[in-house]
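The values are calculated or read from the model by the stated rules, or taken from the named source; none is laboratory data. Keep in mind that this is a model prediction, so the values were computed, not measured. In this analysis, Cβ positions are derived from the backbone assuming ideal geometry, glycine residues included, and neighbour counts consider all displayed protein chains. SASA here: full protein model, heavy atoms, side chains in, ligands and nucleic acids out. Shrake-Rupley method; radii C 1.70, N 1.55, O 1.52, S 1.80 Å.
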Amino acid sequence: MNSESVSGPCLPPSVRQRNDRDLDDCVWVLREVHEHDGYPVNWPDLPKAWLTPPSLIASWVAELDGRVTDHIGLSRSDVGDAAPALWSARAGVGVDATAMVNRLFVAPWARGHGIGALLMGQAVAEARRLGLHPVLDVVASDTAAAALYERLGWRLLATVEQRWSPEQKVNVRCYAAPC
């Protein structure tokens, strides 16, 4: 895949459920995003496994001109996820009433087409269809992602410190989708 040859999309972006055949393209785009933006903060040892965690409910990709450009996942919360606990405490419901929106990334060369918002809409719609309230967290320094979430009406629940490893503490902003 050579992103430098893209001069602009000829077709509007499309969103569809991700399948296993998409994983190589998703890893390629994820590597570009990591090199350009530093997301994910820690490059996973097994990127395909990182994109397919056991807690995954569903995932989608977006395409421009037939090329995978973006990805998003929807998962059950894992132990230590702050956003589900914060939302659950505020809403008076169990953590199992939430779904984590995660693994959202957009190829640097495909930005500015509203694809991130399209993918967010897909994940939120699926969470609601399942009777779950969507929540997410984002590294506090990722101001572009936070701006997208806030533009889409997501509410900041809190900024908390999470321990990602014995040597690494990270500040994350926790959000909940609008009711």
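What residues qualify as long-range amide H neighbours of residue 71, i.e. H under 5 Å apart, gap of 5 or more or another chain, H built at 1.01 Å from N?
Under 5 Å from the amide H of residue 71: 62, 105.
Taking every DSSP beta bridge that has both residues in the stretch 85-179, what percent is antiparallel when rounded to the nearest 5?
About 80 percent, rounded to the nearest 5.
Among the trypsin sites (Lys or Arg not before Pro) within the stretch 77-179, which fall in a DSSP loop and have no more than 16 other Cβ atoms within 10 Å of their own Cβ?
Numbers: sites: 90, 103, 111, 128, 129, 151, 155, 163, 169, 173; in loops: 111.
Loop-located and lightly packed - 111.
For residue 98, enumerate residues with amide H under 5 Å from its amide H, sequence gap 5+ or separate chain, H modeled in the peptide plane.
Those qualifying (amide H under 5 Å, at least 5 residues apart or on another chain) are 133.
Which percent, nearest 5, of DSSP beta bridges in the chain are antiparallel? Could the numbers behind the result be given before it?
Working: 31 of 34 bridges.
Here the antiparallel bridges make up roughly 90 percent for the chain.
Quantify, in whole percent, the carbon and sulfur part of the accessible surface of the chain (1.4 Å probe; protein heavy atoms only).
52 percent
Over the stretch 1-138, give the accessible area per residue in Å² for a 1.4 Å probe, as an integer.
Numbers: 6680 Å² over 138 residues.
Heavy-atom accessible area per residue stands at 48 Å².
Which ³J(HN,Hα) values, rounded to whole Hz and listed in residue order, are derived for the stretch 18-30 from phi using the Karplus coefficients 6.51, -1.76 and 1.60 in 6.51 cos²θ - 1.76 cosθ + 1.60 with θ = phi - 60°, glycine and proline given as x?
Taking θ as phi minus 60°, the curve returns 6, 10, 4, 5, 7, 4, 4, 5, 5, 5, 4, 5, 4 Hz for the stretch 18-30.
Tell me which GluC sites (Glu not before Pro) from the stretch 70-179 have a DSSP coil assignment and no more than 15 other beta carbons within 10 Å of their own. Please list the in-between numbers first.
Details: sites: 126, 150, 161, 167; in loops: 167.
Here the sparse-neighbourhood loop sites are 167.
Non-local amide H neighbours of residue 58 (under 5 Å, H modeled in plane, Pro and chain starts lacking H): which ones?
74
Using θ = phi - 60° and the Karplus form 6.51 cos²θ - 1.76 cosθ + 1.60, what ³J(HN,Hα) does each residue of the stretch 151-163 get, whole Hz, x for Gly and Pro?
So the J values, rounded to whole Hz, are 4, 7, x, 5, 9, 6, 8, 4, 10, 10, 9, 10, 9.
Could you calculate, for the stretch 18-145, the ratio of the Cα radius of gyration to the Kirkwood radius, expressed as Rg to Rh? Before the final figure, lay out the partial values.
Details: Rg = 14.5 Å, Rh = 15.1 Å.
In the stretch 18-145, Rg relative to Rh is 0.96.
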